[in-house]
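Below you'll find the structure, written out as structure tokens, and then a few comments.
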């Protein structure tokens with residue numbers, strides 16, 4: 001039984017009866033032939049079916065305004081309904097989404113993007129360069145609080161050159177500029193007559209339309225029959241359901257209430273592995289768990305205090321007991337080993353109560369009392385990790401009071417509001433984008449209020465530096481600065497883990513950037 005026959009069955013060139021006859025004629029048993037037929041039919045994308053997804057995240061404060069997107073529920077919905085200019089390939093490279101072609105001048109200061117012809121919004125209106133400019137202006141406005149705004153400030157000018165071409169002039173050269181447009185905030189919306197967008201619109205150029213949307217509760221998406229992109233958007237109906245509790249989410253998968261869940265409870269994931277109808281999917285990537293401290297709020301203003309806390313956390317214990325081995329220790333800087341310019345020779349920080357005591361003494365303290373605000377909504381196992389931290393820190397004279405916050409509303413009521421909390425980052429494809437999003441003064445998502453003059457200087461220089469060896473030196477120094485002087489503890493990098501019934505089919509090669517194929521699974525995956 002050769003692979004060509006299996007492919008012929010998958011593509012409909014051979015019916016199941018003929019395939020079974022050929023397999024039996026080749027000496028396979030009936031059960032073996034039937035299994036091969038089922039595998040062949042599942043191996044190629046096919047249209048149809050329903051996918052119900054149980055997400056940990058989602059809040060009643062969620063909005064269709066792309067500037068406010070801050071959780072997986074909205075990321076997945078946004079990518080399904082609105083196309084981006086760029087998407088990431090399995091190798092992490094920038095690939096065309098709405099953009100057919102992009103190129104830069106030799107100094108990487110002027111970029112020209114050409115859109116695909118024939119793209120239409122779900123209301124039938126053609127997509128043009130004016131829609132792109134209106135969308136970007138929404139995030140760049142003076143009063144915008146968009147998380148992507150800091151990445152767009154480098155645009156000195158953008159103009160339409162006809163209906164399908166946009167020319168960007170940057171304040172300085174940036175070799176990584178196209179990567180910005182994969183950001184989940186930047187799905188393109190239609191421009192209104194006054195050159196603005198309606199931020200609450202549900203009209204997009206993506207493969208799905210919104211049938212219903214209850215913020216933080218549920219969304220129902222329907223496949224567009226006229227989607228412009230070939231061989232994408234296979235599933236007829238997708239239902240996204242927010243199920244914050246990990247046990248409830250796993251039970252929903254086991255009982256068949258949903259077909260796919262993200263972030264299963266790693267403490268009990270072995271129960272899912274026993275179920276023959278369920279498969280576990282893991283991805284390495286750039287996700288990391290963080291404990292940001294406001295560097296401008298006492299006692300975290302003193303780097304000695306920050307270093308004491310960094311030495312008071314047992315990273316290995318968190319990886320083994322909380323992540324159950326689905327991850328690796330972190331080193332208080334956010335650049336993953338898989339990313340370009342990773343500084344592999346940066347000394348790894350480990351738990352050391354004596355060093356923690358030393359830094360505490362340097363700060364003039366003999367003991368330290370701090371509150372750590374947390375909820376499992378921040379990341380799966382965050383509460384357990386916080387409790388472990390409080391236990392390991394006691395030996396250093398650090399008393400951490402773990403304040404458990406409600407899951408619902410954590411991202412709007414705790415994150416960016418409390419001076420010491422738990423959080424996570426899915427990461428970014430390049431060091432420039434990661435640092436610019438979370439470590440730049442004035443960035444809305446600078447969750448630790450980090451502001452280091454040398455770091456700021458290097459970040460600006462590295463962005464426009466075209467000598468790759470010199471860039472590596474600068475990004476290496478920035479990683480060392482963040483690790484040794486930063487106000488964020490990064491105890492671990494985690495694998496992306498999801499679970500699904502075996503009807504859910506995944507293409508060869510997924511984007512490692514974020515969970516569930518970069519949160520583009522609704523467009524890329526299918527059901528058998």
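The values are calculated or read from the model by the stated rules, or taken from the named source; none is laboratory data. The model shown is predicted, which means the values in this text are computed figures rather than measured ones. Neighbour counts are summed over all protein chains in view; Cβ atoms, including those assigned to glycine, are modelled from backbone coordinates with ideal geometry.
Among the numbered conditions (1) farther than 30 Å from residue 141 by Cβ; (2) part of a loop (DSSP other than H, G, I, E, B); (3) modelled with pLDDT under 95, tell me where residue 270 comes up short.
Of (1) farther than 30 Å from residue 141 by Cβ; (2) part of a loop (DSSP other than H, G, I, E, B); (3) modelled with pLDDT under 95, only one is false for residue 270: (2).
What do you reckon, is residue 216 touching a residue at least 24 places away in the same chain (Cβ under 8 Å), in contact with a strand residue (DSSP E or B) (Cβ under 6 Å, 6 or more places away or on another chain) and at positive phi?
So residue 216 fits the description; yes.
Could you please find all residues in segment 165-192 being part of a loop (DSSP other than H, G, I, E, B) and surrounded by 19 or more Cβ atoms within 10 Å (Cβ to Cβ)?
Of everything in segment 165-192, those that are part of a loop (DSSP other than H, G, I, E, B) and surrounded by 19 or more Cβ atoms within 10 Å (Cβ to Cβ) turn out to be 173, 174, 176, 183, 187, 188, 189, 190.
Tell me which strands (runs of 3 or more DSSP E) are completely within segment 206-254 and hold 3 or more residues being more than 26 Å from residue 280 (Cβ to Cβ), or say none if there are none.
208-214, 218-223
Return a yes/no flag: does segment 144-154 have any residue that is in contact with a strand residue (DSSP E or B) (Cβ under 9 Å, 6 or more places away or on another chain) and either under 22 Å from residue 286 (Cβ atoms) or in contact (Cβ under 8 Å) with a residue 12 or more places away in the chain (or both).
The answer is yes, given that some residue of segment 144-154 is in contact with a strand residue (DSSP E or B) (Cβ under 9 Å, 6 or more places away or on another chain) and either under 22 Å from residue 286 (Cβ atoms) or in contact (Cβ under 8 Å) with a residue 12 or more places away in the chain (or both).
Please work out if residue 294 is in contact (Cβ under 8 Å) with a residue 24 or more places away in the chain, in contact with a strand residue (DSSP E or B) (Cβ under 7 Å, 6 or more places away or on another chain), over 30 Å from residue 47 (Cβ atoms) and assigned by TED's automatic domain parsing to the domain that holds residue 367.
no
I'd like to know if segment 129-142 contains one or more residues that are assigned to a strand (DSSP E or B) and in contact with a helix residue (DSSP H, G or I) (Cβ under 9 Å, 6 or more places away or on another chain).
No - not one qualifying residue is present in segment 129-142.
Could you list, ordered by first residue, the pairs with Cβ atoms under 8 Å in which the first is in segment 361-380 and outside the structural domain of residue 294 (by TED's automatic domain parsing) and the second is modelled with pLDDT under 95, at least 6 apart or interchain?
none
Run down 244, 298, 312 and say which single residue is farther than 25 Å from residue 410 by Cα and either at pLDDT below 95 or over 20 Å from the mean Cα position of the chain (by Cα) (or both).
Going through 244, 298, 312 in turn, the sole match is 312.
Identify all residues within segment 310-324 that are under 11 Å from residue 350 (Cβ atoms), surrounded by 17 or more Cβ atoms within 10 Å (Cβ to Cβ) and out of contact with any helix residue (DSSP H, G or I) (no Cβ under 6 Å at 6 or more places or on another chain); write none if there are none.
310, 315
Here's the yes/no breakdown for (1) surrounded by fewer than 20 Cβ atoms within 10 Å (Cβ to Cβ); (2) over 19 Å from residue 289 (Cα atoms); (3) touching a helix residue (DSSP H, G or I) at 6+ places or on another chain (Cβ under 9 Å):
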residue	(1), (2), (3)
360	no, yes, yes
365	yes, yes, yes
378	no, no, yes
397	yes, yes, yes
423	no, no, yes
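Exactly one condition in (1) within 26 Å of residue 432 (Cβ to Cβ); (2) at pLDDT below 95 is false for residue 118; which is it?
Residue 118 satisfies every listed condition except (1).
If you check residue 21 against the conditions, is it surrounded by 19 or more Cβ atoms within 10 Å (Cβ to Cβ) and either part of a helix (DSSP H, G or I) or at pLDDT below 70 (or both)?
no
Quick one: in segment 69-107, of everything that is in a helix (DSSP H, G or I), within 15 Å of the chain's Cα centre (by Cα) and at pLDDT 95 or above, which residue is surrounded by the fewest Cβ atoms within 10 Å (Cβ to Cβ)?
Per the stated criteria, the residue is 78.
In segment 157-176, what residues are within 18 Å of residue 101 (Cβ to Cβ), free of Cβ contacts under 8 Å to residues at least 60 places away in the same chain and within 28 Å of the chain's Cα centre (by Cα)?
158, 166, 167, 168
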